[in-house]
1. Quick one: pull the percent of accessible area on segment 129-184 belonging to carbon and sulfur, 1.4 Å probe, ligands and nucleic acids left out.
2. Once phi is turned into ³J(HN,Hα) by the Karplus curve 6.51 cos²θ - 1.76 cosθ + 1.60 with θ = phi - 60°, what whole-Hz value does each residue of segment 50-64 show in order, with x for glycine and proline?
3. Among rounded, prolate and oblate, which fits segment 420-468 when a ≥ b ≥ c are the square roots of the eigenvalues of its C-alpha gyration tensor, a/c under 1.5 means rounded, and a/b larger than b/c means prolate?
4. Name the residue farthest towards the positive end of the dipole of the chain from the options Met313, Asn207, Gly193, assuming +1 on Cβ of Lys and Arg, -1 on Cβ of Asp and Glu, about the Cα centre.
5. Which entries of Lys45/Lys317; Lys368/Lys440; Lys157/Lys450; Lys77/Lys386; Lys156/Lys248; Lys72/Lys454 show an alpha-carbon separation above 31 angstrom in the structure shown?
6. If you average the sequence gap of Cα pairs under 8 Å that are 6 or more apart and divide by the length of the chain, what percent do you get for the contact order?
7. What distance in nm lies between label points placed 7 Å from Cα along the C-beta direction at Arg387 and Lys212?
8. Which order do you get for Met270, Met413 if you rank them by accessible area with a 1.4 Å probe, largest at the top?
Amino acid sequence: MNYLSTRGHPDRKRFCEILLEGLAPDGGLYLPEQYPQVDTATLAKWRALPYAELAFEILSLYIDDIPPADLKAICAKTYTADVFGSEEIVPLRELEDGVYLEALSNGPTLAFKDMAMQLLGNLFEYELTRRGAELNILGATSGDTGSAAEYAMRGKKGVRVFMTSPDGRMSPFQQAQMFSLQDENIHNIAITGVFDDCQDIVKAVSNDLAFKRKYRIGTVNSINWARLLAQVVYYFAGYFQATAGNDKPVSFTVPSGNFGNVCAGHVARMMGLPIQTLVVATNENDVLEEFFRTGVYRVRASVDTHETSSPSMDISKASNFERFVFDLVGRDAARLRKLFVEDLGLQGSFDLSTDPVFEQAAGRFGFKSGRSTHADRLATIRDTDKRFATLVDPHTADGLKAAREQLAPGVPMVVLETALPIKFAATLVEALGEEPARPKKFEGIEALPKRVVKLPADAEAVKAYIAENCD
Ligand SMILES: *Cc1c(COP(=O)(O)O)cnc(C)c1O
């Protein structure tokens, strides 16, 4: 399998080459040259597989530069009941007639990002060992991504993590999750500033090419193809659990921010998994909801990006969206460049509302969308608790609301549960007047010793710290 850039760069790459890379050299995103097709006989065969073996089968279609026995071992080591809390790994439960919750948040940091990041940690360690190389991951986080990356990379050979976060701005639980890690290769850097300062530092360091090369700086952000690929697997696993051996379609609703999670659903659907509808659920930051409703994609300014009670979906633009639009415009790279480089660059938006391809977003590609507000989240959390004795986190609540607006008779609707309620306790308290229960392994983590350095919002200070801590 070869990978191409959405912006038309002539080079083709193999999986392990793009594994450790971010953007393609022309600024585009990597995609496979074509989507492998899965027929009904294969689906029938895969139905009974344990999760790790299903992951191996799907990954094998996209990865041909890791020997199969090694890839199988990596999948088996990643997707264990020990790490993810159950043999099913992503158990499905029926909430009400035809509406299901797929649990993706029982990994080490209690959010769905563990599903991909845990695999990425093992793939990185494997590939770096094979090359005899090292990688220093530099990131910026306001919560879920940073902790998922640290728990995936802790103790891994050849990898160090330098994770910046805005000092004092994460929830006490999220801070404790990250700062209590005592692993030598994990470095928490609390920056005096806000999340944007952290992102600016990461950009400044990455733009210093000499420093970047000397200290082998890499990232694990959501545009990484391996992360997206890992997420394709749980669409298959959810489909199998929601159906009983017939080829009837299923719909999914996905709480969305950077469009990584739902883009994996798009890939699964392109492979032939019988998905009827993919519902993109957003909060007040409705860049994506607006596109699927109107055909206009309008990037927001910082001042128009709201801080909401589903903070992991607070985005001004959706970094994976370019992958879907590439397919939507028939993989026409020149057309794609016009939209994402010219139109977005010049006017911050593009408009497909009068273009015939826009109808295909809902038609051929099966996308719909829905939007929630803070009041909707509180109402959904209360209603789900009252009627089904089930607690959902604010992001999953955004999903449930959008899902109910798109139900079709006879088509199971699977809502992806993207985090556990304890991660966002303040909103649960606001809705229900009490704290959600906390898994045993997280009891008292706020009191553990913390490993973190404080630095000013200054890229030079961060560079000096990295240099000091790379032998
Ligand atoms: C990251 C995240 C999302 C958004 O996922 P995308 O892949 O960026 O669309 C939604 N919910 C939670 C809890 C998250 O951590």
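1. Carbon and sulfur atoms account for 42 percent of the accessible area of segment 129-184.
2. Taking θ as phi minus 60°, the curve returns x, 4, 4, 6, 4, 4, 4, 4, 6, 4, 4, 5, 10, 10, 10 Hz for segment 50-64.
3. The shape class here is prolate.
4. The Cα lying farthest towards the positive end belongs to Asn207.
5. Check vs 31 Å cut-off fails for Lys45/Lys317; Lys368/Lys440; Lys77/Lys386; Lys156/Lys248; Lys72/Lys454.
6. The value is 18 percent.
7. Rounded to a tenth, the inter-label distance reads 5.0 nm.
8. Order by accessible area, largest first: Met270, Met413.
The values are calculated or read from the model by the stated rules, or taken from the named source; none is laboratory data. Quick caveat, the model's predicted, so the values are computed rather than measured. Cβ: placed from backbone, ideal geometry, glycine included. Neighbour counts: every protein chain shown. SASA here: full protein model, heavy atoms, side chains in, ligands and nucleic acids out. Shrake-Rupley method; radii C 1.70, N 1.55, O 1.52, S 1.80 Å.
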